[in-house]
Amino acid sequence: MSNIDNGNMEKSTNEYSIDSNKYKIIEYNNDDDIENVKEDELIYKVILIGDPNVGKTSIIQKLVTKYFNQKYNSTIGFDIFFYRVKINDKIIKLNIWDTCGIQDFFSCTKNIFTDVALAIVSYSIDNRDSFENLEGWINKLKQNSSPNVLKFIVGNKCDLEDKRQVQKEEGEKLKNDNNYNFFIETSAKDDKFVTELFDNAIVQLFELNKLMEEKDGDELKIDFKRRKSFVINDKINKNEKENNNNNNCNC
Ligand SMILES: Nc1nc2c(ncn2[C@@H]2O[C@H](COP(=O)(O)OP(=O)(O)OP(=O)(O)O)[C@@H](O)[C@H]2O)c(=O)[nH]1
Ligand SMILES: [Mg+2]
């Protein structure tokens, strides 16, 4: 039996309304789309960090390729993936850096955090150690990145409810204690909330760009800490909602 779940190859189109703002996010990721990209793209560097085996690679692969691989292939050093969407009138390209979970690797490659717009710090809900070790990852990020970086916390493998060792509230509290911008639990395996995670990132980056345009480039250093987190709570994609209702996943 193959370890690979071919997933759903359809492109996603999601609509959100947050306060009075409406966002339509269309995946713009296959070769035909890319050839048609004529407008300027906004390009952002995103980095995923966290212990080995928490599912960093799986989350990115689910987003970009729709595949899920049961087999564990530890990342060596880092890999870079690309993900492109159209949000309202803008095309946003994420350069997503998938890193290995070895903290020592980062001691000699501090430059890996250069130009990062969004850092996703990840743990696995069935592995208490991976959650406890977030303190080290959070410190590493703080020491090596600009204070303006958007910062998310992600608890992956939320399909493993019966093996849960970290409560959702603990993840939420860690996010609040560290003044991070967003927290979510995901399952790369069951394709739960992976799109929401990156849609939230895209909305925040889109809003940031709007702010910068309004300021005419004068004030490029936006203080992210002053910006509220956009909690995507009004998702119009009904299929997703129905899926969630029919699933025991507690995330
Ligand atoms: N049940 C479950 N298993 C998952 C999930 N995400 C990843 N896995 C499995 O967990 C193992 C590790 O996944 P990876 O994505 O390779 O983990 P990683 O964080 O990239 O690990 P390193 O590259 O070593 O840092 C693999 O066997 C995956 O199939 C998930 O959401 N649920
Ligand atoms: Mg990996």
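Close Cβ contacts (under 7 Å, 6 or more residues apart or on different chains) running from residues in region 53-67 that are in contact (Cβ under 8 Å) with a residue 24 or more places away in the chain to residues that are part of a helix (DSSP H, G or I) and within 8 Å of ligand 1 (Cβ to nearest atom) comprise TYR67/GLN61. Counting the residues of region 130-149 that are touching a residue at least 60 places away in the same chain (Cβ under 8 Å) and either buried (at least 19 other Cβ atoms within 10 Å of the Cβ) or part of a loop (DSSP other than H, G, I, E, B) (or both) gives 8. Considering region 90-113, and only residues there that are in contact (Cβ under 8 Å) with a residue 24 or more places away in the chain and away from ligand 1 (no atom under 16 Å from the Cβ), the residue that is surrounded by the most Cβ atoms within 10 Å (Cβ to Cβ) turns out to be LEU94. Could you check, for region 106-127, whether at least one of its residues is assigned to a helix (DSSP H, G or I), at negative phi, hydrophobic (A, V, I, L, M, F, W, C) and modelled with pLDDT of 95 or more? No, region 106-127 contains no residue that is assigned to a helix (DSSP H, G or I), at negative phi, hydrophobic (A, V, I, L, M, F, W, C) and modelled with pLDDT of 95 or more. For region 48-66, the criterion of being within 12 Å of ligand 1 (Cβ to nearest atom), of a type in the set (A, V, I, L, M), under 20 Å from VAL121 (Cα atoms) and in a loop (DSSP other than H, G, I, E, B) is met by at least one residue.
Confirm whether GLY155 is at pLDDT 95 or above and of a type in the set (Gly, Ala, Ser). So GLY155 passes the test. Does at least one position in region 150-158 carry a residue that is within 19 Å of the chain's Cα centre (by Cα), surrounded by 17 or more Cβ atoms within 10 Å (Cβ to Cβ), in contact (Cβ under 8 Å) with a residue 40 or more places away in the chain and on the phi > 0 side of the Ramachandran plot? Within region 150-158 (the criterion being within 19 Å of the chain's Cα centre (by Cα), surrounded by 17 or more Cβ atoms within 10 Å (Cβ to Cβ), in contact (Cβ under 8 Å) with a residue 40 or more places away in the chain and on the phi > 0 side of the Ramachandran plot), the answer is yes, since at least one residue qualifies. Reported count of residues in region 40-85, each being among the hydroxyl-bearing types (Ser, Thr, Tyr), crowded, with 18+ Cβ neighbours inside 10 Å and out of contact with any Lys or Arg (no Cβ under 8 Å at 6 or more places or on another chain), is 1.
Only one entry in ILE102, ILE80, ILE92 is more than 22 Å from LYS142 (Cβ to Cβ), aliphatic (A, V, I, L, M) and within 14 Å of ligand 2 (Cβ to nearest atom), namely ILE80.
The values are calculated or read from the model by the stated rules, or taken from the named source; none is laboratory data. All values derive from a computational prediction rather than experimental measurement. Here the Cβ is made from the backbone with ideal geometry for all residues, glycine too, and neighbour counts use every protein chain on show.
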